Amino acid sequence: MRARLAVVRATVGPTVTVVAATKYVSLADMRVLIDAGVTVVGENRAQDLEAKHAEYGDAFRWHFIGHLQSNKVKVVNRCCELVHSLDSHSAASRLEIPALVQVNLADESSKSGVRPADLGAFLGGGVIGLSTMPPAASSPEGSRPWFRTLRELATEHGLAELSMGTTQDYAVAAEEGATYIRVGSVLFAA
């Protein structure tokens, strides 16, 4: 895993934070991430975040990358330094840590996020940037227009941080200005 992490870091460069997505990593297997040199992890579920944070605490910098329900904000406030998926006013009003607003650029009903036209209502407070999950594409280049659009939206609103790109398209995301990428299977592949 250390070698795979090094390849990802070399591909995206020193200005991009690699967030290891731990949705499918068991509590016991989190130790492997420490041994590999992972410093930032992203968890999708508040319950799993709480358990993993209780076990590993300061071994990582913790980010929340899943859908943020307002009733789970207390756990996220206590455990994390950043939320990548803010998309409700209810959660925003309870959040005490910096956040990225998740933007649903393609208006996909299967995905969370605010519409670009509604973005202004979420800005201010602790919002420091934007995130997105583009529609599925047959190649990484298929994500480029979505990443470019998010970067343009962030620039328009004076936001510096961009969380975009996953295992399939992280190199393209970095080229388009990502400051955070969320990768899982590229790190954990056998």
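Where a number appears in this text, it was derived from the coordinates with a stated rule and is not lab data. What you see is a predicted model, and the numbers here were worked out from it, not measured in a lab. Glycine also receives a Cβ, built like all others from the backbone with ideal geometry; neighbour counts cover every protein chain displayed.
Those strands (runs of 3 or more DSSP E) of region 98-190 in which 3 or more residues are closer than 13 Å to Asp87 by Cα occupy 99-102, 127-131. Does Lys72 meet the test of being in a helix (DSSP H, G or I), in contact (Cβ under 8 Å) with a residue 24 or more places away in the chain and not hydroxyl-bearing (Ser, Thr, Tyr)? Yes: the conditions hold for Lys72. Among the residues of region 19-29, those that are out of contact with any Leu (no Cβ under 7 Å at 6 or more places or on another chain), within 18 Å of Met164 (Cα to Cα) and either in a strand (DSSP E or B) or of a type in the set (Phe, Trp, Tyr) (or both) comprise Val19, Ala21.
Scanning region 35-45 for residues that are farther than 16 Å from Val73 by Cα and either of a type outside the set (A, V, I, L, M, F, W, C) or not in a strand (DSSP E or B) (or both) returns Asp35, Ala36, Gly37, Val38, Thr39. Kindly indicate whether any position in region 131-149 is among the β-branched types (Val, Ile, Thr) and under 22 Å from Asn71 (Cα atoms). The answer is no; no qualifying residue exists. Kindly check whether there is at least one residue in region 107-121 that is of a type in the set (Asp, Glu), out of contact with any helix residue (DSSP H, G or I) (no Cβ under 9 Å at 6 or more places or on another chain), surrounded by fewer than 21 Cβ atoms within 10 Å (Cβ to Cβ) and touching a residue at least 12 places away in the same chain (Cβ under 8 Å). The answer is yes, given that some residue of region 107-121 is of a type in the set (Asp, Glu), out of contact with any helix residue (DSSP H, G or I) (no Cβ under 9 Å at 6 or more places or on another chain), surrounded by fewer than 21 Cβ atoms within 10 Å (Cβ to Cβ) and touching a residue at least 12 places away in the same chain (Cβ under 8 Å). When Val32, Val8 are checked against the criterion of being outside any loop (DSSP other than H, G, I, E, B), of a type outside the set (Lys, Arg) and within 13 Å of Ile181 (Cα to Cα), Val8 stands alone in meeting it.
With respect to being surrounded by 13 or more Cβ atoms within 10 Å (Cβ to Cβ), of a type in the set (Asp, Glu) and not in a loop (DSSP other than H, G, I, E, B), Asp48 fits the description. Of all residues in region 52-80, which are more than 14 Å from the chain's Cα centre (by Cα) and under 21 Å from Ala91 (Cβ atoms)? Residues satisfying the conditions are Lys52, His53, Gln69, Ser70, Asn71, Lys72, Val73, Lys74, Val75, Asn77, Arg78, Cys79. In region 133-158, the residues that are among the aliphatic types (A, V, I, L, M) reach residues that are assigned to a helix (DSSP H, G or I) with C-beta atoms within less than 8 angstrom, at least six apart or across chains, in these pairs: Ala137/Ser143; Leu153/Pro116; Leu153/Leu119.
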